[in-house]
Each structure stands twice: as C-alpha cells, then as structure tokens.
1. Yes or no: F161 among the aromatic types (F, W, Y), free of Cβ contacts under 8 Å to residues at least 40 places away in the same chain and buried (at least 17 other Cβ atoms within 10 Å of the Cβ)?
2. Filtering region 103-118 down to residues that are over 16 Å from the mean Cα position of the chain (by Cα) and in a helix (DSSP H, G or I), which residue is farthest from H194 (Cα to Cα)?
3. From (1) closer than 25 Å to V73 by Cα; (2) free of Cβ contacts under 8 Å to residues at least 24 places away in the same chain, pick out the condition that doesn't hold for L12.
4. Could you check W212 against (1) modelled with pLDDT of 75 or more; (2) under 19 Å from the mean Cα position of the chain (by Cα); (3) more than 24 Å from V19 (Cβ to Cβ) and say which number it fails?
5. Being under 17 Å from L180 (Cα atoms), surrounded by 13 or more Cβ atoms within 10 Å (Cβ to Cβ) and of a type in the set (G, A, S) narrows it down to one of A105, A123, A152, A117, so name that one.
6. Take region 166-192 and flag every residue that is surrounded by fewer than 12 Cβ atoms within 10 Å (Cβ to Cβ) and within 22 Å of Q95 (Cα to Cα).
7. Within region 20-53, restricting attention to residues that are surrounded by fewer than 17 Cβ atoms within 10 Å (Cβ to Cβ) and farther than 17 Å from Q95 by Cα, which residue is nearest to the chain's Cα centre (by Cα)?
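The values are calculated or read from the model by the stated rules, or taken from the named source; none is laboratory data. Not measured: the values here are computed from a predicted model. FYI the Cβ positions are ideal-geometry reconstructions off the backbone, even for glycines, and counts take in every protein chain you see.
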Amino acid sequence: MRLTLARAVRWLALAAGGVGYAVLAYYSAATSAAATSPSLGVAVSLAPSLAILLWLTWRSPRRLGMLLLCAVVGGLLWGFWGALQRNFNWVYFLQHIGVNLMLAAVFGVTLGRGRQALCTRFAEAVHRSSLAPEVVRYTRQITLAWMVFFLAVSLVSSVLFFFVGIGAWSVFANFLSFPLILLMFAVEYRVRLHKLPNLEQHSIMAGVRAFWKTGASPRAH
C-alpha cells in the first residue's frame, strides 16, 4: 500500500512539474514577459538541458571531468547571456524540434535493411519468445508510424515557428505535443486490437521497460 501510494505521489509530482513547466514556458515566450523578463525566458528554456547535464554529472563515474564541463557551460552562459536574452525563443524551438527529430531517427534507423525494427524489439522483450510473422510485420509498420509521427510534429513545429508566430508555436509545443503522443498511443492500441485480436496485449511502454530490463538486446533471451 505504501509503495503504491508513493508511486502515485511520484507520478502526480512529475505531472504537476510537467504542467507547471509548460505554463511557465508559454508565459515566458508568448506573453509580455518575453520583453519585460527575458532572463526568465533564458532560464526556463535552458532548464531541461541543464537539468540533464547535472543529472549526468551526478551519475557519471568521471565526475571531475563532468564538473569541468559544467564549469565551461557556465562560463559560456555567462559570456553569451545577452545574446540568449535576445534569442531564447530559438532555444525553445531547437530543443522541441531536436527531441522530435532525435526520436524519429531512433525509430527510423532500425528500419534499415537487415535490421530489427524497434517496436519488434519491444514486443520480443514483453512476450519473451519469437514473434509470429504477422506480428513482426505489424511491429515494423508501427515503428514506421512512430517515425512519421515525430517527423510530422517536427514539420508542424517548424511551420508554426517560422510562418505563424511564437504564440501559436508555444501553444502547440507546450500544450499539444504530449497529448498528441498519448493520442498516438491510444490509436496504436486500437489498431493493434483490430489487426491482432488474438495477441496478448501489452502497451508499448511495457515493452520499453522489458527491453531495458533485458539489457536492451533481443538476443538476451
């Protein structure tokens, strides 16, 4: 019971943090705060990248080297703070499109000839057995669908940023991107029920968890 409650509290805290960050990012980029408090925009736009850097530093066995890297990054931020204040919207945009292009590449690179599709690896990790040919074909198609999805998000993000305006782009990036991912999960699940009604059903996230637990290798079985 305590474990379940602690897990629920942790997920609620993460959800609250995510929503809070999205609201703050929108406020700093698409309201009058963009002109009156540019330092807020810089701080919020850089927060995810800096948080990842600090986490990697904490977990790294080469902490001294990572601390030196943090010092270099801090010096660069100090030196270019004025330029960042004038262009922090670009930081938001590059982070958003960069993450989506990276995810598209992660899925797409596994679709090469002779390679195992990423969703096929997830499915093997969950089911812990060889997959039927129709399941392999379906998971390959879903891998392609996820790649196209992230490319489409990147395209929409670029069009809004360059041709519509920062307000519309900020709404899309901060408030619509994650719900679209959830919608993609839901659509994929419904399609899977229709295409593979006899397959034991698991979510893609269950596959991701199983994939990492097995050492990220389908041959580990």
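1. It is false that F161 is among the aromatic types (F, W, Y), free of Cβ contacts under 8 Å to residues at least 40 places away in the same chain and buried (at least 17 other Cβ atoms within 10 Å of the Cβ).
2. V109
3. Unmet condition: (1).
4. Of everything listed in (1) modelled with pLDDT of 75 or more; (2) under 19 Å from the mean Cα position of the chain (by Cα); (3) more than 24 Å from V19 (Cβ to Cβ), W212 misses just condition (1).
5. The match here is A152.
6. Selection gives P179, L182.
7. G20
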